[in-house]
Amino acid sequence: MKKILAYVMMGLCAAGSAAVAAPVQGSAEVQATALMQMERDARCGQVIVTAYVGGTPLKMMLDTGATHTVLHEESAARLQKVQWIDTSKMKFRGNSAQNIKMLVAPLLAGPGESPQHPMMVLNLAAVRSMMAVKIDGIIGMDFLGSMPFTFDFKTNEFYWGLPSGGKVAPIPVEAEPTGRVHVVAQCGGKQLKLLLDTGSTVTRVRQEDWAPGVAGEIQAQIGDVDTAIHQQMVEGKPGDMELAPGVVLRGVKPLLCGPNELTMLGLDALKDSVLIHVPVETVPGGVFLMKSDK
């Protein structure tokens, strides 16, 4: 058995309504340079920004696979200017069985501001243990859905805003009301529906849907919020995945899963691509584009 360590951070999902980001009104205590910078985690490759929650700077991961913005419980405990919410009668759904807490606070990230943003509070120990940067939380599509951003994985350039030139093509997606989107891709004559998940290091496809077939087994570390487990998983043979005319992800080697498991398009498949997000008020999750060869 081939032994490879693959990191998978499952997308977060919770019931609730999304708040909309608005342009930042200048603030003396907020450093504009810090707000606009993006970096990649040196270990897993996720995109990280400095956000301000209640005036406190926090390191946050940008995760298109998460419905809601989440704070690590230890980071949330040191915040001021926040309002805690009684969650005793709330129902949550998603990957975690934790007793979820929530708070409301001003959230600033990039050029956007949400004056009173609801955030879940969870133990993110497993996610933090996989990353070089001990993040304080995760910014989900409740905020990202209303923000323009460009992730140029090919040149390693990441920024808030849109690129100035080059041919782009819209990516066909199926949007959830929460703002998350599932890309509709083609590989070997088969159609794939995959959650677009920049919080996941690897791509996961159902075994029966992966036309290139099975390559072998790997040892994978799976992280789901506060739980990390090691298990054997099946790796697929390399295959090309077409997302739109002129947009092809070359040599994708997904982990193959069962029929009832969540499938996702992760960072490994996006390594040579340029992912662009354009917010559209009437479209949940906005519009995603990629640089095109045509």
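The values are calculated or read from the model by the stated rules, or taken from the named source; none is laboratory data. Just so it is clear, the structure is predicted and the values come from calculations on it, not from any experiment. Cβ atoms come from the backbone with ideal geometry, glycine included; neighbour counts cover every protein chain shown. These accessible areas exclude ligands, DNA and RNA; they are computed on the full protein's heavy atoms, side chains included. Shrake-Rupley method; radii C 1.70, N 1.55, O 1.52, S 1.80 Å.
Return the residues of segment 141-159 that are out of contact with any Ser or Thr (no Cβ under 7 Å at 6 or more places or on another chain), surrounded by fewer than 18 Cβ atoms within 10 Å (Cβ to Cβ) and under 24 Å from residue 70 (Cα atoms); say none if nothing qualifies. Listed by number, the list holds a single entry, 148.
Of all the listed residues (245, 163), the sole one being more than 22 Å from the chain's Cα centre (by Cα) and modelled with pLDDT under 95 is 245. Quick check on residue 177: is it at pLDDT below 95 and in a loop (DSSP other than H, G, I, E, B)? Spelling it out, residue 177 is indeed at pLDDT below 95 and in a loop (DSSP other than H, G, I, E, B).
Candidates in segment 80-111 are the residues that are open to solvent by less than 20 Å² (accessible area, probe 1.4 Å) and part of a loop (DSSP other than H, G, I, E, B); of these, the one that is modelled with the lowest pLDDT is 100.
Flag not set for residue 271, criterion: of a type in the set (Lys, Arg), open to solvent by 30 Å² or more (accessible area, probe 1.4 Å) and either over 18 Å from the mean Cα position of the chain (by Cα) or within 15 Å of residue 180 (Cβ to Cβ) (or both). Of the strands (runs of 3 or more DSSP E) lying entirely inside segment 249-294, the ones with 3 or more residues being under 16 Å from residue 46 (Cα atoms) are found at 274-278.
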